[in-house]
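Working notes for the structure below.
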Amino acid sequence: MNTICFHCGDIVPSGAHYPIHYQGQEYPACCAGCQAVARTIIDGGLGQYYAQRDHFANRNDPLPSDILEQISLYDSPSLQQGFVHTESANIREGVLLLEGISCAACIWLNEQHIARLPGVLSASINYTTHRARVRWDESRIHLSEILKAVAAIGYRAQPYNQVEEEASWQKRRKTALFRLWVAGLSMMQVMMFAIPSYLATAGEIEVRWQRLMNWSSLLLTLPVVVYSCWPFFQTSWRELRLGRTGMDLPVSIGVLAAFSASCWTTITGHGDVYFDSISMFVFLLLLGRFWEESARRKAGDATERLVKLIPAFAHRLDEDGATHEAPVISLVPGVRILVKPGETIPIDGTIENGTSEVSEALITGESRGLQRKTGESVTGGSINLASPIIIRVEKVGESTHLAAIVRLLDRALTEKPRLTQLVDRIASRFVTALLFFAGMTWLAWHSIDPARALPITVAVLVISCPCALSLATPSALTAATGRLARLGLMVTRSHALEALANITDVVFDKTGTLTQGKPRIESVESLSIPEAQARQIAAALEASSSHPLAHAFALEGISAASGCAMYPGNGISGWIDNTEYAIGHPAFIATFCTAPAPSEINDQVLALASRQQWLATFTLADSIRPGAQQCITELEQLGIAPQLLSGDQNANVAALATQLGLSTFRSDATPDAKLTHLHHLQQNGQLALMVGDGVNDAPVLAAASVSIAMGGGVDVAHAAGDMVLLGNRLETIPAAVRIARFTRHITRQNLAWALIYNLIAIPLAISGLVTPWLASLGMACSSLLVVLNALRIARIKDDQWKASIY
């Protein structure tokens, strides 16, 4: 028998002697590289890795000289600009992509190994994306040394490249889909041959036709066993070589036992076949794993979406005023760029020339345009709405405000606990125990009646196949997910419904969540003309404008004023019936009108005036979203405490809280403050649902026990949210809580049924009272009952959820 390498699992060549000493024993290695890596791990006090790992490590081939030279180049500040953030004179924080990660033990090993390097301040790795965030002291250790240290333990680390990571993910996804497609196609075809056998009476089908169907089923099932099941077999073999039993091992043994018995029956013509059970079981397992991987991928995509908000190129200005296209990554503090109307500002900087309005909806969630003039700061990710502006660069890349939000989101995603699937653990232990009883059954019956030993053992394996147990939770979650989709709430992560059923608090953002994010006229104060006339003049002036505020003044049947002139960030003027009027900020109107400004006017209103007198003022406000009051009332009836958490001014937040009857609210909250508030709730044992909209909500959405992103929000909020409220109907949230609680109830019923069924069915099968075909029928009926029970979630009508006790 060949000897395998303790580190990588490869065959040890004949005559090779590279011993590894671990826990008082000597183990073989295939080469000096694996021996060196193992010694590094063990001598560094990280030997626990070998006890925790689920897979063998990659073989540690020496790094080529060109790769070593390339690693050294990453110490260049110009190359680090795109992925390294400079916190202070010597403190750096960078994002790396790790290759070779295969299990949670690999994550633990790399985190511990990197964190123990002298000069490294912290290291955290996201298991979903294999992205590492490392902080180090540049005066004590360089980035190239960190990269070489990772290579020393058999892994590869490189600066994060979104394009390469996406290509790797697409390759894995296509392979998983093809395996799933093979299993699904086989399942449908094999069932066509199996159904006649189930429905026909004994002797009704001629032997030659039965054998033909059996051989056809074997050929159709063979690709499922050889190709679709390959990941199960591969992992199981590795676990056996490690002396462990994992989740894939009982699955592999069950599939191989049923397939072997079915092949024997097909060849000999005696007994029953279980090809339909094999293909169905494999299809359901692969489908569940594909859904899980997709959900994990969505969790990790959020930061990539944020990075894409910044354009790749900018209009750089030379000293003579000429412009040329330049990569944003090449910009340095002090250079000047031109940002045209409609373009995204790629850097943080100060306006050197020009006046315009910018939308910071991507940063603050606020839809109103904000006036920015010479000498004022602008933030990367904002959109220039009105006029061209020249900006002097201050911060680029990892130093920008948006990059800071990316780091917050990445940290929040990393801090989110790695969810363990209780049902999978139960199923794994259950099947492991089952395999023991199946083996004992075979031995017992082999001594009693050898001819019956194999069919009875197969019956034990088939009748207790964990389909019902495996479907108990996914079937209920699938039904609930479809039900919520009909209500306009899309579930994007598998844990969302379970967490939603247990929430104690709901934290709402203000703009775009409890409000619509669209301005409206709240009040009109007439100064010298009637209110109706003031509204008509304002509507005529704003009819020529495409500014978001203009929609608040729209009136049907009003013609646009003539000779209109736009003053970006200030207002608009025009002629109506030979009289010139203007509307805009009070400071602008003060320069337009010769009359002194009334004392009662403040900066929070828009003023309307002619050249000779002030006519009226308009107070604008955001409309409360329809259904907000109903949502809050029903949440309180469910025993859930609603809260308001906003970055808006205190006066606006307090006014909205009063209108909605919210006793708990907080204003002027930055992204950091929001995250701190959420952590405070969690530390007090409260489970919070976060409902938000905008990039600044993304870190909180990711860190919350469960989160909902409004459908009108930006894509990154959707990626960070566990659910997306597509229709923006807040009254859906209480119904979703009731559905989640009912789903929890259904899941418990399904698990209880699966347990009771097996407690009854297994003893009957062991005693020989159940034939293999009857075992297959029992397994199918058990699974069907679980699915039908889950479908109760979808059958309840919308108006019944209000009366539901769940």
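Brief remarks follow.
- Total residues in the range 561-596, condition open to solvent by less than 40 Å² (accessible area, probe 1.4 Å) and either among the aromatic types (Phe, Trp, Tyr) or in contact with a Leu (Cβ under 7 Å, 6 or more places away or on another chain) (or both): 8
Residue-by-condition table, conditions (1) of a type in the set (Phe, Trp, Tyr); (2) in contact with a Phe, Trp or Tyr (Cβ under 8 Å, 6 or more places away or on another chain); (3) not in a strand (DSSP E or B):
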position	(1), (2), (3)
Thr511	no, no, yes
Lys518	no, no, no
Glu522	no, no, no
Ser528	no, yes, yes
Arg535	no, yes, yes
Ala539	no, yes, yes
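- Residue in the range 77-88 that is assigned to a loop (DSSP other than H, G, I, E, B), at pLDDT below 70 and buried (at least 21 other Cβ atoms within 10 Å of the Cβ) present: no
- In the range 221-232, the residues that are surrounded by fewer than 24 Cβ atoms within 10 Å (Cβ to Cβ) form Cβ pairs under 8 Å with partners that are not acidic (Asp, Glu), at six or more places apart or across chains, as follows: Pro223/Val182; Pro223/Ser186; Tyr227/Arg179; Tyr227/Val182; Trp230/Arg179; Pro231/Arg179.
- Contact map, the range 742-756: residues that are closer than 15 Å to Ala479 by Cβ paired with residues that are outside any helix (DSSP H, G or I), Cβ distance under 7 Å, separation 6+ or inter-chain. Pairs shown: Phe742/Ser804; Phe742/Tyr806; Thr743/Ala501; Arg744/Ala501; His745/Tyr806.
- Candidates Asp66, Asp61 - the one that is open to solvent by 70 Å² or more (accessible area, probe 1.4 Å), modelled with pLDDT under 70 and part of a loop (DSSP other than H, G, I, E, B): Asp61
- Neighbours by Cβ (under 9 Å, 6+ apart or cross-chain): first from the range 18-30, touching a residue at least 24 places away in the same chain (Cβ under 8 Å) and under 10 Å from Ile42 (Cβ atoms); second part of a loop (DSSP other than H, G, I, E, B) and open to solvent by 20 Å² or more (accessible area, probe 1.4 Å): Tyr22/Phe6
- Residue in the range 581-588 that is outside any loop (DSSP other than H, G, I, E, B), of a type in the set (Ser, Thr, Tyr) and either within 30 Å of Pro734 (Cα to Cα) or in contact with a Pro (Cβ under 7 Å, 6 or more places away or on another chain) (or both) present: no
- Residue within the range 697-711 that is open to solvent by 10 Å² or more (accessible area, probe 1.4 Å), part of a helix (DSSP H, G or I), modelled with pLDDT of 85 or more and touching a helix residue (DSSP H, G or I) at 6+ places or on another chain (Cβ under 7 Å) present: no
- Ile760 being open to solvent by 80 Å² or more (accessible area, probe 1.4 Å), at pLDDT 85 or above and either touching a helix residue (DSSP H, G or I) at 6+ places or on another chain (Cβ under 9 Å) or assigned to a helix (DSSP H, G or I) (or both): yes
- Only listed residue being in contact (Cβ under 8 Å) with a residue 12 or more places away in the chain, open to solvent by 50 Å² or more (accessible area, probe 1.4 Å) and either touching a helix residue (DSSP H, G or I) at 6+ places or on another chain (Cβ under 6 Å) or not in a helix (DSSP H, G or I) (or both), chosen from Asp668, Asp622: Asp668
- Pick from the range 464-520, criterion small (Gly, Ala, Ser) and under 20 Å from the mean Cα position of the chain (by Cα), ranking: modelled with the lowest pLDDT: Ser494
- Residue count, the range 629-656 (criterion: open to solvent by less than 20 Å² (accessible area, probe 1.4 Å) and modelled with pLDDT under 90): 4
- In the range 123-161, the residue that is surrounded by the most Cβ atoms within 10 Å (Cβ to Cβ) out of those that are modelled with pLDDT of 85 or more and of a type in the set (S, T, N, Q) is Ser144.
- Scanning the range 311-352 for residues that are outside any loop (DSSP other than H, G, I, E, B) and within 11 Å of Arg392 (Cβ to Cβ) yields Leu317, Arg336, Ile337, Asp348, Gly349, Thr350, Ile351, Glu352.
- Close contacts from the range 264-281, counting a first residue that is modelled with pLDDT of 80 or more and a second that is of a type in the set (D, E, K, R) and outside any loop (DSSP other than H, G, I, E, B), with Cβ to Cβ under 8 Å and a gap of 6+ residues or different chains, come to Thr266/Arg211.
The values are calculated or read from the model by the stated rules, or taken from the named source; none is laboratory data. Note that the coordinates shown come from a computational prediction; the quantities given were computed from them, not determined experimentally. Ideal geometry is used to build each Cβ from the backbone, glycine not excepted, and the neighbour counts take in all protein chains shown. Protein only, heavy atoms only, side chains kept; ligands, DNA and RNA dropped before computing areas. Shrake-Rupley method; radii C 1.70, N 1.55, O 1.52, S 1.80 Å.
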